[in-house]
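The values are calculated or read from the model by the stated rules, or taken from the named source; none is laboratory data. This structure is a prediction, so every number in the text was calculated from the model and none was measured. Because the Cβ atoms are built from the backbone with ideal geometry, glycine has one as well, and the counts that use them run over all protein chains shown. Accessible surface areas use protein heavy atoms only, side chains included; no ligands, DNA or RNA. Shrake-Rupley method; radii C 1.70, N 1.55, O 1.52, S 1.80 Å.
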There are 2 protein chains.
Amino acid sequence: MLGAIEAGGTKFVCAVGDELGGIGERIQIPTTIPEETIPRVIAFFSKHGVEAIGIGSFGPIDVNLDSETYGSITSTPKPGWRGYPFVQEIRKALGVPVGFNTDVNAAALGEATFGAAKGLDSCLYITVGTGIGAGAVVQGKLLQGLSHPEMGHILVRRHPEDHYKGKCPYHSDCLEGLAAGPAIEERWGAKGIELVSREEVWDLEGYYIAQALMQYILILSPKKIILGGGVMNQKQVFSYFQKYLQELLNDYVALPRLSDYIVSPGLGDDAGIIGSLLLARNAIQE
Amino acid sequence: MLGAIEAGGTKFVCAVGDELGGIGERIQIPTTIPEETIPRVIAFFSKHGVEAIGIGSFGPIDVNLDSETYGSITSTPKPGWRGYPFVQEIRKALGVPVGFNTDVNAAALGEATFGAAKGLDSCLYITVGTGIGAGAVVQGKLLQGLSHPEMGHILVRRHPEDHYKGKCPYHSDCLEGLAAGPAIEERWGAKGIELVSREEVWDLEGYYIAQALMQYILILSPKKIILGGGVMNQKQVFSYFQKYLQELLNDYVALPRLSDYIVSPGLGDDAGIIGSLLLARNAIQE
């Protein structure tokens with residue numbers, strides 16, 4: 001049996017399952033401080049006796065195997081988690097191999113193995129929610145270089161009529177600063193869920209998402225794009241970004257029909273936890 | 001002995017060499033129409049009796065092995081080359097394995113093997129000249145998905161005082177449309193080489209190149225970035241894009257010192273032809 005941790009900023013999802021993506025028992029644990037959260041995680045897995053653990057974590061994290069701080073959370077503002085040696089602590093407590101990657105890379109792996117990109121050696125998984133993040137499978141491997149990608153913070157061109165200053169503490173009006181859930185809420189004075197009928201909200205959201213898709217397509221050329229996260233549950237955004245993306249690309253690259261190419265997660269909300277099971281499987285194989 | 005073709009829009013460079021990057025005889029052949037250029041290419045290699053050929057080609061090209069038109073040049077405006085079955089014709093004439101990729105992916109492979117990114121499993125190679133293109137090695141493999149990347153056409157934010165309309169026939173003011181050689185020449189009314197002492201020219205160039213680097217770093221996280229091409233021979237651009245890139249990133253991601261991280265090609269003008277030799281070697285191994 002394999003163990004999976006989807007470590008988010010507000011909650012940890014822990015589950016046991018198998019390498020075919022089957023999920024057994026699962027629990028949710030609030031993300032408070034490591035001294036509270038992690039013992040509950042360990043208690044859960046101790047009970048089940050897993051062979052390996054896969055962690056898909058909020059970030060930024062250190063995924064560089066040659067680094068002294070490999071396996072830790074790096075520069076998060078979340079109290080108690082900055083520098084937390086996540087892999088080391090889990091390995092010490094449970095004594096099993098531990099796989100470690102970003103939550104979005106885990107989700108990309110899940111979708112490429114069992115979801116909307118099943119059987120493909122290439123896909124991009126994007127989540128638009130409290131933040132914006134993305135992971136990718138490239139030539140069958142999770143995208144990684146110096147570190148993991150930070151695709152949510154790319155630059156976009158501001159809409160000429162959008163005077164909202166942007167919410168990113170680092171870049172103000174990067175993609176996340178203009179298009180994540182908190183930016184929508186601050187710009188329009190209400191949560192996305194309360195703005196469902198306001199077309200201008202989703203038109204503007206589509207304007208920014210289309211630019212991000214343009215950049216990702218030109219740079220990575222993924223075989224499939226999966227767009228998840230709370231904000232993307234507003235399906236009306238899809239027609240807006242499709243329209244803007246067509247205009248931006250202007251037939252420069254040959255793509256499948258956009259409605260087939262850019263889709264919702266095939267695994268729904270389970271992409272991350274299933275991907276984390278696969279990280280556990282990979283940890284055994286390595 | 002291996003053969004390499006660096007197929008550019010104005011000239012073909014053909015060379016023989018070995019898998020250690022050693023280059024023997026080399027010739028240049030003007031790129032006119034396939035019926036003129038290709039027989040000269042074939043005559044050169046027939047004389048040497050090579051075991052395999054690697055082609056680093058101008059694009060866009062079809063690099064999808066599952067495609068019926070694999071190995072051809074696709075939508076180029078260059079007369080006679082649209083749809084030209086490049087791999088098929090070379091293989092038919094010479095009867096040896098043929099490797100095929102973009103000129104910039106070949107250069108990235110050359111730099112990762114023998115050049116500025118030697119020994120790294122990850123690098124990005126960018127050329128800024130008549131056009132802007134980039135190739136990358138990701139986890140030891142050339143970046144490829146649905147197709148090869150088209151990184152030169154990403155969106156950038158226009159400088160508020162830059163009123164030049166842009167030169168890209170598809171996107172007007174994408175990166176290539178604003179920052180490639182022909183855009184510099186049209187905007188300022190003189191070739192880059194004649195504008196060496198005009199600081200504002202290179203400041204603006206740095207402004208756009210920095211944005212491109214920001215996007216590439218956040219999306220790909222390369223371990224090394226190599227910036228070549230005719231325009232980048234104006235070394236004064238490096239200090240301008242370093243300044244703008246620092247401002248844009250705002251310490252969000254941990255990077256090596258920028259002057260060590262973003263460098264000129266270690267192989268000089270030979271990155272493409274040496275990379276093409278490696279494509280030939282890979283064609284034998286596959």
What nm distance separates the two modelled labels at residue A:121 and residue B:121, each placed 7 Å from Cα along Cα→Cβ? 1.6
For a paramagnetic label modelled at 7 Å from the Cα of residue B:254 toward its Cβ, which residues of the range B:218-241 fall within the zone defined by backbone nitrogen distances under 17 Å? B:218, B:221-224
Mind ranking A:261, B:240 by accessible surface for me, highest first, 1.4 Å probe? B:240, A:261
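Would you mind calculating the relative contact order of the range A:116-264 from Cα pairs under 8 angstrom and at least 6 residues apart, reporting the percent as a whole number?
Relative contact order for the range A:116-264 comes out at 27 percent.
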With Cα atoms, 0 to 90° folded angle of helix B:271-285 axis to chain B main axis: 40
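Sequence gap at least 6, Cα distance under 8 Å: using those rules, report the relative contact order of the range A:211-286 to the nearest whole percent.
Details: 30 pairs, mean separation 32.0, N = 76.
Relative contact order of the range A:211-286: 42 percent.
Hey, got the dipole for chain A? About the Cα centre, +1 on K and R Cβ, -1 on D and E Cβ, debye to the nearest 20? It would help to have the intermediate numbers written out before the result.
Working: 23 positive and 32 negative charges, 28 e Å.
The calculated dipole for chain A is roughly 140 debye.
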Past the 38 angstrom mark, what percentage of all C-alpha to C-alpha distances in the protein assembly as shown do you count? 31
Compute from the Cα atoms of chain A the Rg and the Dmax, the latter being the longest Cα-Cα distance, and quote both in angstrom. 18.7, 56
To the nearest 0.05, how large is the calculated FRET efficiency for residue A:161 and residue A:70 if R₀ is 35 Å and r is the Cβ-Cβ distance? 0.15
Could you report the accessible area of residue B:159 in Å², rounded to 10, computed with a 1.4 Å probe on the protein chains as they sit in the structure? 40
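If contacts are Cα pairs under 8 angstrom and at least 6 residues apart, what is the relative contact order of chain A in percent?
Numbers: 608 pairs, mean separation 65.8, N = 286.
Normalised by residue count, the contact order of chain A is 23 percent.
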Relative to the first principal axis of the alpha-carbon coordinates of chain B, what is the inclination of helix B:103-114, with its axis defined by its Cα atoms, in degrees from 0 to 90 and to the nearest 10? 90
Mean-square fluctuation maximum in Gaussian network of chain B, Cα pairs under 10 Å, restricted to B:64, B:233, B:250, hits B:250
Angle between the Cα long axis of helix B:236-249 and the longest principal axis of chain B, 0 to 90 degrees, nearest 10? 70
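Based on the inverse mean of 1/r over its pairs of different Cα atoms, what is the Kirkwood hydrodynamic radius of the range A:116-264, in Å? Working shown, then result.
Values: mean 1/r = 0.0643 Å⁻¹.
Every distinct Cα pair counted, the radius reaches 15.6 Å.
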Choice from B:268, B:110, B:192 with maximal GNM fluctuation in chain B (Cα, 10 Å cutoff): B:268
Given springs between every Cα pair under 10 Å in a Gaussian network model of chain A, which of A:29, A:193, A:53 has the largest fluctuation? A:193
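In Å², and per residue, what accessible area does the range A:1-67 have when probed at 1.4 Å with the other protein chains present? Mind showing how you got there, number by number?
Details: 2900 Å² over 67 residues.
Normalised by residue count, the accessible surface of the range A:1-67 is 43 Å².
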Charges on Cβ only, +1 for Lys and Arg, -1 for Asp and Glu, centred on the Cα centroid of the protein assembly as shown; of A:271, A:237, B:151, which one is farthest towards the dipole's positive end? A:271
Rounded to the nearest 10 Å², the 1.4 Å probe accessible area of residue A:84 is 30
Keeping all protein chains in the complex and leaving out DNA, RNA and ligands, what accessible area do you get for residue A:58 with a 1.4 Å probe, in Å² to the nearest 10? 20
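Nearest 20 debye, what's the magnitude of the dipole of the protein assembly as shown about its Cα centre given +1 on Lys and Arg Cβ and -1 on Asp and Glu Cβ? List each step's numbers first, then the result.
Details: 46 positive and 64 negative charges, 36 e Å.
Dipole of the protein assembly as shown, to the nearest 20 debye: 180 debye.
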Suppose R0 equals 35 Å. What FRET efficiency, 1/(1 + (r/R0)^6) with r the Cβ-Cβ distance, do residue B:284 and residue A:285 give to the nearest 0.05? 0.75
Label-point separation, residue A:33 to residue B:194 (7 Å along Cα→Cβ), nm: 6.8
List the aspartates and glutamates whose Cα lies under 12 Å from the Cα of residue B:167, skipping any in the same chain that are fewer than 8 positions away. B:176, B:185, B:186
Label-point separation (nm) for residue B:11 and residue B:243, each offset 7 Å from Cα along Cα-to-Cβ? 3.5
At a probe of 1.4 Å, how much accessible area disappears from chains B and A on forming the pair, both sides counted, to the nearest 100 Å²? 3900
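Please list B:146, A:65, B:279 in order of solvent-accessible area, largest first, computed with a 1.4 Å probe with all protein chains present. Show your work: numbers first, answer last.
Details: B:146 50, A:65 135, B:279 10 Å².
My answer, sorted largest first, is A:65, B:146, B:279.
Nothing charged except the Cβ atoms of Lys and Arg (+1) and of Asp and Glu (-1): what's the magnitude of the dipole of the range B:116-264 about its Cα centre? Round to the nearest 20 debye. The partial results should precede the final answer.
Values: 14 positive and 16 negative charges, 86 e Å.
The dipole magnitude comes to about 420 debye.
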Calculated FRET efficiency for the pair residue B:20/residue B:88, C-beta based, R₀ 22 Å, to 0.05: 0.15
